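Remarks on the structure that follows.
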Amino acid sequence: MKTFPEGFLWGGATAANQFEGGWNEGGKGWSVSDAARSHLDIDVQDYAKQNEVLTKDIEEAMAHPEDLVHYPKRHGSDFYHHYKEDIALLGEMGFKVFRMSIAWARIYPNGDDAEPNEEGLKFYDNVFDELKKYNIEPLVTISHYEPPLNLCLKYDCWYNRKTIDFFMNFVNTIVDRYKDRVKYWLTFNEVDSMIRHPYTTGGLIRDRFEGKNWEEVIFQSMHHQFVASALATKVLHEKRPDSLVGCMLTKLTYYPYTCKPEDVLEAQQRMRSTYCYSDTQVFGEYPAYLLARFKNHGLNIVMEEDDLKVMKEYPVDFISFSYYSSSCVAKDTEGLQTTAGNTVTAIKNPYLKASEWGWQSDPIGLRVSLVDLYDRYRKPLFIVENGLGEKEELIPDGKGSYTVDDQGHIDYYKGHFQAMYDAITEDGVELLGYTTWACIDLVSESTKQMSKRYGFIYVDCDDYGNGTFNRYRKKSFYWYKDVIASNGACLFEEE
C-alpha cells in the first residue's frame with residue numbers, strides 16, 4: 001500500500017498579519033501590515049502598485065484606525081477571538097502540525113520597548129495550550145511580514161543595524177517563554193521577498209531613502225536579516241538543543257519559454273536570483289554570484305567584523321518553502337502573454353491552466369522544485385505554503401448549516417500530493433511535512449482580499465469586512481481529513 005513516510009507532518013499554515021485580527025487589542029501595537037492598504041480600485045494582478053508604500057500612505061493609515069475596509073489585515077479572520085474554535089476544527093481534521101506566526105508588535109508593541117507585553121505573551125500561551133490539547137505540533141515563524149511600525153518610522157527598520165538587537169530581544173523573549181512547547185521554528189518568512197515587497201518584509205518606506213541607492217538599501221537590510229537569522233538559530237539551539245530551525249524561501253520555479261539558449265540562460269539566472277537567499281542561509285556564506293552582483297552593481301554592504309563568522313557558524317537545519325505555481329521566462333518577451341504568480345508576473349505557460357488570479361497550477365513543478373532543492377542542499381525540506389485561491393459561495397449542507405463545494409481545491413491538492421509522493425519515493429527527497437496555505441480562509445497577501453479563498457474552512461467575511469465571521473467546513477475539509485488519517489493512502493485507492 002502506498003503511504004507517506006511514518007511521522008510525516010500533515011497540516012496547514014497561516015500568518016498572524018493575515019489571520020489573527022485583534023490588531024489593536026491586548027496591548028498590541030501597530031505593525032506594517034496594519035497600515036497595508038487594500039487597493040480595491042486596481043487590477044488584483046498589479047502587484048507593483050500593491051507594494052508601493054510611501055510616508056504619506058502610512059500617515060493616512062494611522063489617521064484612520066477605524067478603517068477595516070481599506071485595511072483588511074486589521075480584522076483578518078479574527079483568530080484572536082476564534083482560536084479555540086479554529087484549533088478544534090484543525091484537531092477534527094487530524095492535523096499533525098500547524099504553521100503560525102507570532103506577531104512581533106503583540107509582544108513588543110513598539111519594537112524598542114524595554115519590557116514585553118504580558119497580555120500578548122499570554123495569548124500565545126493559550127494558543128499553544130489548545131494545540132497541545134489536540135496533539136498538534138506548532139511550527140512558528142518568528143517574523144512574517146509585520147515588523148512593528150514604530151521601527152520603520154523611528155529607525156528605518158531593517159536598514160538600521162539596531163533592529164538586530166530589537167529583534168533578538170523579541171527572539172529571546174518568545175524562546176524563553178515557549179521553548180518547551182515549540183520544536184520547529186522558521187526565522188523569516190520568504191526571506192527573498194525583500195526584493196519584491198521591501199515594506200512588508202523589511203519595513204522599508206521608499207521615500208525615506210531619497211538620494212540612496214535603493215538596491216543597496218534592500219541588500220543592506222537583507223544582510224541584517226541574515227545576521228539576525230543566524231543569531232536566532234544560535235539562541236534556539238542553545239536554549240532547546242533538539243529544536244529545528246529552518247529558512248523559508250519563495251520557490252519561484254522558472255522554465256525557459258523555448259530551448260533557445262538565451263531563454264535557458266535567462267531561466268538559470270532567474271533561479272539564481274531566488275536561490276541566492278537560501279544559499280546564504282543554508283551554507284552560511286554569500287554565494288560567489290551574489291558577491292559578484294554587489295561588486296558589479298556598486299553595492300557597498302556594510303558588515304561588522306564577526307557578521308560572516310556568525311552566519312557561517314549558525315546555518316539553518318532545514319529548508320522550508322512556498323510553492324504555488326511555476327512560470328516561464330524568455331530573454332525577449334515582446335509579444336508574449338504574461339500572467340500572475342506568487343507576487344510576481346511572468347510569461348504564461350501555454351500548457352497550463354490559469355486561475356482567476358492568473359496562477360497556473362503545475363504539480364510537476366512542485367516535484368521539480370523538491371528535487372532541485374534537495375539536490376542542491378542535501379538537507380530536509382518542508383513545504384510550508386501550497387494552495388489555490390478561488391472564489392466560493394456558501395450552499396446549504398442539508399443539516400441546517402452551510403458548506404462549500406470546492407472540488408477545485410481537492411483536484412489541486414491531489415495532483416500536488418501525488419507529486420510529493422513521487423519526489424519522496426522515486427527521487428529520494430527527504431520531506432519532513434506539508435502545510436497548506438491556508439487551512440482557514442484569510443486575507444490574501446498578494447491582493448489583500450478575503451474573496452481569494454484557500455482554506456478547508458470558510459470564514460464568513462467579504463472583501464469589505466462584512467460578515468459574521470462564522471466558520472463552515474468545506475467539502476475539502478473532509479477530504480483532507482481522510483488524507484491525513486490514511487497518511488496519503490487514500491490518494492491511490494483508484495490505482
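The values are calculated or read from the model by the stated rules, or taken from the named source; none is laboratory data. These figures come from a predicted structure and were not determined experimentally. Backbone-built Cβ (ideal geometry, glycine too); neighbour counts: all protein chains shown.
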Task: Index of the failed condition, TYR434 passing every other in (1) surrounded by fewer than 23 Cβ atoms within 10 Å (Cβ to Cβ); (2) touching a residue at least 40 places away in the same chain (Cβ under 8 Å) - done: (1)
TODO: Determine whether the stretch 328-347 contains at least one residue that is part of a helix (DSSP H, G or I) and either among the polar types (S, T, N, Q) or over 20 Å from GLU266 (Cα atoms) (or both).
DONE: no
TODO: Test GLY389 against the criterion of being crowded, with 19+ Cβ neighbours inside 10 Å, farther than 23 Å from PHE318 by Cβ and at pLDDT below 95, and give yes or no.
DONE: yes
Task: Odd one out for GLY465, checked against (1) surrounded by fewer than 23 Cβ atoms within 10 Å (Cβ to Cβ); (2) touching a strand residue (DSSP E or B) at 6+ places or on another chain (Cβ under 8 Å); (3) small (Gly, Ala, Ser) - done: (2)
- [ ] Only residues that are modelled with pLDDT under 95 and of a type outside the set (A, V, I, L, M, F, W, C): list them for the stretch 466-495, please.
- [x] GLU493, GLU494, GLU495
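Based on what the data block shows, is GLU426 among the charged types (D, E, K, R) and either at pLDDT below 95 or surrounded by 21 or more Cβ atoms within 10 Å (Cβ to Cβ) (or both)? Explain how you work it out, then say what you get.
Details: among the charged types (D, E, K, R): yes; either at pLDDT below 95 or surrounded by 21 or more Cβ atoms within 10 Å (Cβ to Cβ) (or both): no.
The answer is no for GLU426.
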- [ ] Confirm whether ARG74 is under 23 Å from THR55 (Cβ atoms), crowded, with 22+ Cβ neighbours inside 10 Å and in contact (Cβ under 8 Å) with a residue 12 or more places away in the chain.
- [x] yes
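Among the helices (runs of 4 or more DSSP H) contained in the stretch 25-120, which hold 3 or more residues that are at pLDDT 95 or above and more than 18 Å from TYR178 (Cβ to Cβ)? Spell out the reasoning first.
Details: elements: 47-50, 55-62, 79-93, 104-107.
Those helices (runs of 4 or more DSSP H) span 55-62, 79-93.
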Open item on the list: Suppose we filter LYS312, LYS260 for residues that are surrounded by fewer than 20 Cβ atoms within 10 Å (Cβ to Cβ), among the basic types (Lys, Arg) and over 26 Å from the mean Cα position of the chain (by Cα); which single one remains?
Closed with: LYS260
TODO: Go through the stretch 451-495 and give me each residue that's more than 20 Å from ILE87 (Cβ to Cβ) and touching a Phe, Trp or Tyr at 6+ places or on another chain (Cβ under 7 Å).
DONE: LYS452, ASN487, GLY488, LEU491
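Residues are listed down the side, and each one gets a yes or a no for (1) within 30 Å of TYR478 (Cα to Cα); (2) surrounded by fewer than 22 Cβ atoms within 10 Å (Cβ to Cβ); (3) more than 23 Å from the chain's Cα centre (by Cα):
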| site | (1), (2), (3) |
| --- | --- |
| HIS82 | yes, yes, no |
| GLY91 | yes, yes, no |
| VAL97 | yes, no, no |
| LYS133 | yes, yes, yes |
| HIS144 | yes, no, no |
| CYS157 | no, no, no |
| MET168 | no, yes, no |
TODO: Looking for whichever is surrounded by fewer than 19 Cβ atoms within 10 Å (Cβ to Cβ), among the aromatic types (Phe, Trp, Tyr) and outside any helix (DSSP H, G or I) here; the options are TYR351, TYR324. Which one fits?
DONE: TYR351
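Can you confirm whether TYR124 is within 20 Å of ILE58 (Cα to Cα), surrounded by 20 or more Cβ atoms within 10 Å (Cβ to Cβ) and out of contact with any Cys (no Cβ under 8 Å at 6 or more places or on another chain)? Steps first, please.
Details: within 20 Å of ILE58 (Cα to Cα): no; surrounded by 20 or more Cβ atoms within 10 Å (Cβ to Cβ): yes; out of contact with any Cys (no Cβ under 8 Å at 6 or more places or on another chain): yes.
In short, no.
Test GLY455 against the criterion of being in contact with a Pro (Cβ under 7 Å, 6 or more places away or on another chain) and within 23 Å of TYR145 (Cβ to Cβ), and give yes or no.
no
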TODO: Output the qualifying pairs, or none if there are none: Cβ atoms under 8 angstrom, residues six or more apart or on different chains, first residue in the stretch 393-405 and of a type in the set (Phe, Trp, Tyr), second residue not in a strand (DSSP E or B).
DONE: TYR402/LEU394
Open item on the list: Against the condition of a type outside the set (Ser, Thr, Tyr), over 28 Å from THR333 (Cα atoms), touching a residue at least 60 places away in the same chain (Cβ under 8 Å) and in a strand (DSSP E or B), how does ILE301 come out, does it pass?
Closed with: no
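How many of the residues in the stretch 357-408 are in a helix (DSSP H, G or I) and either touching a His at 6+ places or on another chain (Cβ under 9 Å) or under 21 Å from LEU252 (Cα atoms) (or both)?
Step one: of the stretch 357-408, the residues in a helix (DSSP H, G or I) are 363-377, 407-408.
Next cut, either touching a His at 6+ places or on another chain (Cβ under 9 Å) or under 21 Å from LEU252 (Cα atoms) (or both) only: 363-377.
Residues in the stretch 357-408 being in a helix (DSSP H, G or I) and either touching a His at 6+ places or on another chain (Cβ under 9 Å) or under 21 Å from LEU252 (Cα atoms) (or both): 15 in total.
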- [ ] Any residue in the stretch 98-114 that's more than 19 Å from LEU186 (Cα to Cα) and free of Cβ contacts under 8 Å to residues at least 24 places away in the same chain: show its pairings with residues that are crowded, with 24+ Cβ neighbours inside 10 Å and not hydrophobic (A, V, I, L, M, F, W, C) at Cβ separation under 9 Å, as long as the two are six or more apart or on different chains.
- [x] ASP113/PRO148
Open item on the list: Restricting to the stretch 230-253, and then to whatever is among the hydroxyl-bearing types (Ser, Thr, Tyr) and touching a helix residue (DSSP H, G or I) at 6+ places or on another chain (Cβ under 6 Å), can you tell me which residue is surrounded by the fewest Cβ atoms within 10 Å (Cβ to Cβ)?
Closed with: SER243
TODO: Examine the stretch 219-228 for a residue that is surrounded by 17 or more Cβ atoms within 10 Å (Cβ to Cβ), within 30 Å of LYS132 (Cβ to Cβ), modelled with pLDDT of 95 or more and in contact with a strand residue (DSSP E or B) (Cβ under 8 Å, 6 or more places away or on another chain), and state whether such a residue exists.
DONE: yes
